[in-house]
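Report on the following structure.
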Amino acid sequence: MRLRKETRKYEVRWREGGRYRSKSFTRKGDASAFEALIERARQTDGLVDLDRGKETLREFKDRWWRDYVTPNLARTTRDNYSHLWKKHIDPRLGSTRLRDIGPARVERFRAELEKDGVGVATVRKALVILQGMLSAAVRWERIDRNPVREVRKPTQRRSRLVRPFSPHTVEGMRARFLQDERKRDAALLCLLAYAGLRPSEALALRWRDVGRWSLRVERALSNGVEKSTKTGKIRTVRLLGPLADDLEAWRDRAGKPKLDSFLFTKADGSAWTDFDWRNWRRRIFEPEAESVGLEGARPYDLRHSFASLLIHSGQSVVEVARQMGNSPEVTLSTYAHVFDEMGPDHIDAESAIRAARDAKDGRSEDAEPGDPAPTGDSDLALPVEADARIRTADPFITSEVLYQLSYVGATMRIAPGAMLRTKVGVDQSGFISAVSVAQPNRFAPTGRPERAL
């Protein structure tokens, strides 16, 4: 290596194929790195390709798309990548050779996008795609390092706090669906709001995934094709009693489909496509959301309602994250304000839902003649019916009632084929008052039915 005085550039010379070749560099460090590459080629009998990285990014993209993108990524992801490539990456970097894309060029690429008014989220996605392409170039030994890793990506901050829908709001939409005999729409609404599934996960559920106490979330649906979940992990989600009732009602209405069938299908029994989902969102969900004052709401926003229910029932960040399919860090950053609003008293999720449901019905199903109908939007102070699906020694008594009865030392005898129904109220001091009545059990003699519908 030598410094040429006339050009003030560092020149590296080597002999290859019976003739001398040379290459000039502006920076001494780059010249030294190239010289080391040549020395390594000599020691390995020329196994190092000195011409690697000469292809343009556009030429390399064809191989990357064929060998990596098509076999590994879902169709919707491929469509998104293709759009960003054609609109933002190819016009600015397509003709640049791989070996000429360094950190400085990537920094300039980001600056060009921001100067043209491209949003933060799109800039970040474009850099992620470019980083993925150049990571493949490193694995396939076309370049030595990935320069995008050294460039700071713009931070995508949440523009507003998530605002979970209250059970009262969800039940208002559900009631309107049921008035129109749309049990499918009511079931899908409650599945999103009371299980916290992503829409793609909800559409991928099969009846065999509905267990006795939980939902098994193993897959997601992308344009009618099953794939892994967003995180690539399998999880279980607590199956709340009111949601279980809605799913049972929907399965009865659907004619008790086979366990291998999707919960929500088209008329021919096939899975929903992206078109079917967008159609449901635009024609069914959005009008009902607007009717209860939720202008601009998305079905995805229902997911936050389940997180709020878990938080107010006293679940830890780790447990909320597990059921939501997120990391604890993401969960805390998303729902920190919900944790801050949590009072000293925990609120049972099923009781809150049933209270809102009874309020929409006008009264509790166990109300006696002359009892005042519940009013107002409060999810806490309304009398509610004890949940028939609480995990206790007796599944028909809430854990709070059992706790108080343990102090009273009460003994209850229930005739075979009967079940205990309990009306619960919360006074101003936070104590629970309960009145229990034995009633015929529609699930007798086996008790609560299996949830594998």
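The values are calculated or read from the model by the stated rules, or taken from the named source; none is laboratory data. Predicted model only: the values in this text are computed from it and were never measured. Positions of Cβ are generated from backbone atoms using ideal geometry, with glycine treated the same way; all protein chains shown enter the neighbour counts.
Things to note:
- Just one of the listed residues (L161, L178) is of a type outside the set (S, T, N, Q) and in a loop (DSSP other than H, G, I, E, B), namely L161.
- Qualifying residue in the stretch 374-389 (condition: of a type in the set (S, T, Y), part of a loop (DSSP other than H, G, I, E, B) and at pLDDT below 50): yes
- Residue in the stretch 258-276 that is in contact with a Gly (Cβ under 6 Å, 6 or more places away or on another chain) and part of a loop (DSSP other than H, G, I, E, B) present: yes
- Residue check, A36 assigned by TED's automatic domain parsing to the domain that holds T7 and either surrounded by 12 or more Cβ atoms within 10 Å (Cβ to Cβ) or over 28 Å from the mean Cα position of the chain (by Cα) (or both): yes
- Cβ-Cβ under 8 Å pairs, at least 6 apart or on other chains, the stretch 222-234 side farther than 17 Å from T273 by Cα, far side small (G, A, S) and assigned to a loop (DSSP other than H, G, I, E, B): K230/G325; T231/G325; K233/G325
- Every listed requirement among (1) within 19 Å of G196 (Cα to Cα); (2) touching a Phe, Trp or Tyr at 6+ places or on another chain (Cβ under 7 Å) is met by V317 save one, (2).
- All conditions in (1) under 30 Å from F285 (Cβ atoms); (2) out of contact with any Cys (no Cβ under 7 Å at 6 or more places or on another chain) hold for R174, with the sole exception of (2).
- Selection within the stretch 218-257 - surrounded by 16 or more Cβ atoms within 10 Å (Cβ to Cβ), in a loop (DSSP other than H, G, I, E, B) and under 16 Å from the mean Cα position of the chain (by Cα): E218, R219, T229
- Sole residue being assigned to a helix (DSSP H, G or I) and within 30 Å of H337 (Cβ to Cβ), chosen from E290, E295: E290
- Residue check, A41 surrounded by 10 or more Cβ atoms within 10 Å (Cβ to Cβ), in a helix (DSSP H, G or I) and touching a Ser or Thr at 6+ places or on another chain (Cβ under 9 Å): no
- R176 surrounded by fewer than 19 Cβ atoms within 10 Å (Cβ to Cβ), in contact (Cβ under 8 Å) with a residue 60 or more places away in the chain and more than 19 Å from the chain's Cα centre (by Cα): yes
- Evaluation of E201 against (1) surrounded by 18 or more Cβ atoms within 10 Å (Cβ to Cβ); (2) outside any helix (DSSP H, G or I); (3) acidic (D, E) (one fails), failing number: (2)
- Whichever residue in the stretch 302-328 is assigned to a helix (DSSP H, G or I) and of a type in the set (S, T, Y) and, among such residues, is farthest from the chain's Cα centre (by Cα): S308
- Qualifying residue in the stretch 59-70 (condition: of a type outside the set (D, E, K, R), in the same structural domain as W140 (by TED's automatic domain parsing) and outside any helix (DSSP H, G or I)): no
- Qualifying residue in the stretch 129-141 (condition: at positive phi and either in contact with a Leu (Cβ under 9 Å, 6 or more places away or on another chain) or in contact (Cβ under 8 Å) with a residue 40 or more places away in the chain (or both)): yes
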